[in-house]
Amino acid sequence: MRLDGKVIIVTGARMGIGEGVAITLAKDGADLCLVSRKISEEDAIVKACEDLGRKVMVFRADVGKRSEVQEMVDATMSAFGKIDGLFNNAGISKPAMLLKMTEEVWDDIIRINLTGTFYCIQAVANAMLERKTGSIINVTSSAGLMGTIGQVNYTAAKGGVHALTKSAAKELAKYNIRVNCISPMAETDMTRVIATDPRFKDKYLERIPLGRWAPPEEIGPVVSFLASDEASYVTGQTICVDGGMVML
């Protein structure tokens, strides 16, 4: 299997894309540190990965807090002795129109989606330095690449992640640490209203050339590839896994 022997941290792992990707990584041979603010060893995702024969640890962390991110990395290193990959997926959404958005709503999204992504890159990269190898996969979105209405906070954060990925890839290349990004479109709790509400469903489907929403599991193979040695010459890239909605 392409990820045999690798240890990968998955943030935002309790549900949605994080859950779907974690299962794919486990199927492909990776041992995992599953991270979320509310995750527990009783969650279905933990058993699903363990049933695939993988070693799994769980860690509760708010990625927007630097100290908790460092504790996450330290705990992973203590449990496994190394970190080969990071799926930097944790994120939230709080829609509001620009003219009415509060400072609190703006700050919450930037803190988790952008600053949290930076904290995780920094802490994990420092843990990878000695072995001079590693793969970090960040998550942007179509909003971050094209803009959207009613989510200027989310758009700014995800656009920032897209740019952050490129700079991080250039800085970390000399350590053989690759940094890439995906822009996924999947039906999750965060997107279910858009995917199922008759007021929005048809409009969004018209923007997806393949004409359907993907389950989170369809995002996993691309992340697995980027985390694997098969992608050893790929860095600084954003790959859209969205049925063709965004074509870069």
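The values are calculated or read from the model by the stated rules, or taken from the named source; none is laboratory data. Remember, it's a predicted structure, so these values are computed and weren't measured experimentally. Glycine gets a Cβ as well: all are built from the backbone with ideal geometry, and neighbour counts include every protein chain shown.
Tabulated data for the structure shown
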| read-out | value |
| --- | --- |
| Among the residues listed as G244, G236, the single one being at pLDDT 90 or above and within 18 Å of N88 (Cβ to Cβ) | G236 |
| Every residue from segment 201-244 that is surrounded by fewer than 18 Cβ atoms within 10 Å (Cβ to Cβ), over 23 Å from L172 (Cβ atoms), touching a helix residue (DSSP H, G or I) at 6+ places or on another chain (Cβ under 9 Å) and not charged (D, E, K, R) | Y204, L205, G211, P215, P221 |
| Selection status of E71, acidic (D, E) and either at pLDDT 95 or above or closer than 21 Å to V223 by Cα (or both) | yes |
| Segment 87-138 - residue that is assigned to a strand (DSSP E or B) and touching a Lys or Arg at 6+ places or on another chain (Cβ under 8 Å) and, of those, farthest from G18 (Cα to Cα) | G134 |
| Which numbered condition V179 misses (of (1) β-branched (V, I, T); (2) touching a Lys or Arg at 6+ places or on another chain (Cβ under 9 Å); (3) part of a loop (DSSP other than H, G, I, E, B)) | (3) |
| Test for I83: is it touching a Pro at 6+ places or on another chain (Cβ under 7 Å) and of a type in the set (A, V, I, L, M, F, W, C) | no |
| Positions within segment 43-59 being under 27 Å from N113 (Cβ atoms) and part of a helix (DSSP H, G or I), in sequence order | A44, I45, V46, A48, C49 |
| Test: residue in segment 24-42 that is of a type in the set (V, I, T) and assigned to a strand (DSSP E or B) | yes |
| Qualifying positions in segment 226-247 - over 14 Å from the mean Cα position of the chain (by Cα) and not in a loop (DSSP other than H, G, I, E, B) | D229, E230, A231 |
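To keep it simple, each residue is scored yes or no on (1) surrounded by 23 or more Cβ atoms within 10 Å (Cβ to Cβ); (2) more than 24 Å from R37 (Cβ to Cβ); (3) hydroxyl-bearing (S, T, Y); (4) more than 14 Å from the chain's Cα centre (by Cα).
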position	(1), (2), (3), (4)
T115	no, no, yes, no
K132	no, yes, no, yes
I137	yes, no, no, no
N176	no, yes, no, yes
S183	yes, no, yes, no
A186	no, no, no, no
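Yes or no, residue by residue, for (1) at positive phi; (2) among the small types (G, A, S):
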position: F118; (1), (2): no, no
position: A125; (1), (2): no, yes
position: M128; (1), (2): no, no
position: K132; (1), (2): yes, no
position: G159; (1), (2): no, yes
position: L172; (1), (2): no, no
